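Remarks on the structure that follows.
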2 protein chains.
Amino acid sequence: MQRADSRDSLWGIVREWRRQGHIIALVPTMGNLHAGHLALVKAARASADRVVTSIYVNPTQFGQGEDFGRYPRTLEQDLRKLDAEGCDLAFVPDEATMYPFEGDEAVRVRAAPALASVLEGEHRPGHFDGVVTVVARLFNLVGPDVAVFGEKDYQQLLVIRRLAEDMGYPLRILPVPTVRESGGLAMSSRNQYLGDEDRSAALQLNGVLREAVERLASGVGRERVERDAVARLESAGFKVDYVAVRRAENLAIPGGGESELRVLAAARCGNTRLIDNLSTK
Amino acid sequence: MQRADSRDSLWGIVREWRRQGHIIALVPTMGNLHAGHLALVKAARASADRVVTSIYVNPTQFGQGEDFGRYPRTLEQDLRKLDAEGCDLAFVPDEATMYPFEGDEAVRVRAAPALASVLEGEHRPGHFDGVVTVVARLFNLVGPDVAVFGEKDYQQLLVIRRLAEDMGYPLRILPVPTVRESGGLAMSSRNQYLGDEDRSAALQLNGVLREAVERLASGVGRERVERDAVARLESAGFKVDYVAVRRAENLAIPGGGESELRVLAAARCGNTRLIDNLSTK
């Protein structure tokens, strides 16, 4: 596996690939790779000739008081895992490479507000603007034909798909299903913040979502399903940001007759904020 | 010359060029082409194997009450001129192609405020956000190796150079000197709004800028030069938005010892708003 830390070294490699006609896939990550990330790399390999995985903890998508400082950074292990998974190039930029200008000197991207201001956007103001600002840079720098994102961050997936479609990026967004631990907990770098007690509570998040999906299928109304799910999570010790049943396509409130809904939740377990989501299909 | 109106037809053509290893230049225009635009196409031809000229009157860069509606649209003549100049591809998107989503459903780019909020930005709030929003789309859609812009819109040139550098676009911004009519008036599609009387006043704009450059060279202070230039323009019948002596590199107020300054002006002549600028070098 090759490694590039600068724009020039990245461009030297991908230009040559492009000249050879290779299809290039990009897997953007913040590092601290787990089986969920490696599933993205596998999907990338299956859909392209060359795979670039970026490792960059993006400051612009963290809010004040969020966990940017303590977000786990494990570069050497990450590189070994990527190499073992058959990734061709690890792109590991520093901040000056990703953000050569600061503050008022910098260009920013604003995500589509209709998608980005609800749910996560309500609880993490500015988060998705930071996400699209860094993802647009990665699209520009790498020029991928395919970009791979996990369904675990379902709203992010929709926000990025909109970025690509609306801004005219000539690439395909490839979504990959959430990878879960044996108890159903969605894989996340933030799971390691959980103490033993928090972890046993955390396991209930997916169970509550599965129950919500079953109740919707049996005809229980959306608002009652949401309300009961919040109550169950609270009695399991969560502080709940939201449980929401939305149209899978655009996160709008369902009007009835949708072929696919998505149940999304965010809740705090101790100091750890967890998110998860399930499809009704 | 080929013509593409949709994303798919554009991509079909440029992908094939890229596969053949061609260097691609992009000349973004709003149509109504004059000798200034054709100088951009010439510069593009000299620096690339294939030239794409886009023709699109971009609504997001016009403010309320500006001339979007009456901006001159002369597509058939434009296409003939581009063909004669050796342009390879005219990209003529409609609004749904450039902006498939509207309002709160759309992604926007925010130009670097330090560059975009002064001068033109003060008098046309939001203008440069509209410019970078459309230019980023064109960069994404076309994927040029070189993008050509005129020095006539000097602040725009700096704003777009920053877009490219900060957002990681793998391309070179190629600036082209302003083309002028025999009296010195900078070529502009808006010149045709001028009546005969306005036109003879308009001719003085460049003269006042030339005088300002000479006075700076002879040691007259910046603020006095600006003030006197405003007075001369006003007595010639202009309503002046600004005359400003700035650092050529970033439009900051000069601190002394700069190797290059730029004198920039915007003024209204009748109903027509004209801009121009000159270097002190």
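Quick look at the values:
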read-out	value
Quotient of C-alpha Rg and 2.2 N^0.38 Å, computed over the stretch B:164-204	1.80
Net +/- balance of residues flanking residue B:47 in space, Cβ distance below 12 Å, scoring K and R +1, D and E -1	+2
Cβ-based net charge around residue A:90, under 13 Å, with every Lys or Arg adding one and every Asp or Glu removing one	-2
Neighbour net charge for residue B:275 - beta-carbon separation under 14 angstrom, K R +1, D E -1	+1
Charge dipole of the stretch B:113-220 about the Cα centre (unit charges at C-beta), most positive-ward option of B:219, B:209, B:155	B:155
Approximate spin-label separation residue B:2-residue A:19, in nm, with each point projected 7 Å along Cα-to-Cβ	2.3
Relative contact order computed over chain B (Cα-Cα under 8 Å; 6+ residues apart), in percent	17
Share of alpha-carbon pairs per 5 Å distance bin for the stretch A:124-253, given as whole %	2, 9, 15, 18, 18, 15, 11, 8, 3, 0
Efficiency of FRET from Cβ geometry, residue B:64 and residue B:94, R₀ 22 Å, rounded to 0.05	0.45
Helical segments meeting 24 Å axial Cα length and Kyte-Doolittle -0.5 threshold in chain A (DSSP H)	A:196-217
Radius, Kirkwood style, for the stretch B:85-172 when every pair of distinct Cα atoms is counted (Å)	14.1
GNM flexibility winner over chain A from A:209, A:174, A:194 (Cα, springs under 10 Å)	A:194
Exercise: per-residue mean of other protein chain Cβ atoms within 10 Å, B:93-102	2
Over chain A - Rg/Rh using Cα atoms and the Kirkwood inverse-distance radius	0.97
Most mobile listed residue (B:246, B:210, B:19) in chain B, GNM with C-alpha springs under 10 Å	B:19
Two-decimal ratio, the stretch B:189-276, of alpha-carbon radius of gyration to 2.2 N^0.38 Å	1.11
Spacing of the two label points (7 Å from each Cα toward its C-beta) at residue A:192 and residue A:11, in nm	3.5
Among A:182, A:200, A:235: highest mean-square fluctuation, GNM of chain A, C-alpha pairs under 10 Å	A:182
The stretch A:164-272: relative contact order in percent, alpha carbon pairs under 8 Å with at least 6 residues between	23
Eligible lysines near residue B:281 by straight Cα distance, threshold 19 Å, same-chain separation 8 or greater	B:152
Inter-chain shielding of B:2-14 (mean C-beta neighbours from other protein chains, 10 Å cut-off)	1
Rg [Å, one decimal], Dmax [Å, integer] - the stretch B:1-67, C-alpha atoms	14.0, 46
Gyration tensor over alpha-carbon atoms, the protein assembly as shown, equivalent ellipsoid semi-axes in Å	49, 25, 23
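Every read-out reported here was derived from the displayed coordinates using simple, explicitly stated rules and does not represent laboratory data. Note that the structure is a prediction, hence the values are computed from the model and not measured. Positions of Cβ are backbone-derived with ideal geometry, glycine not excepted, and every protein chain shown enters the neighbour counts.
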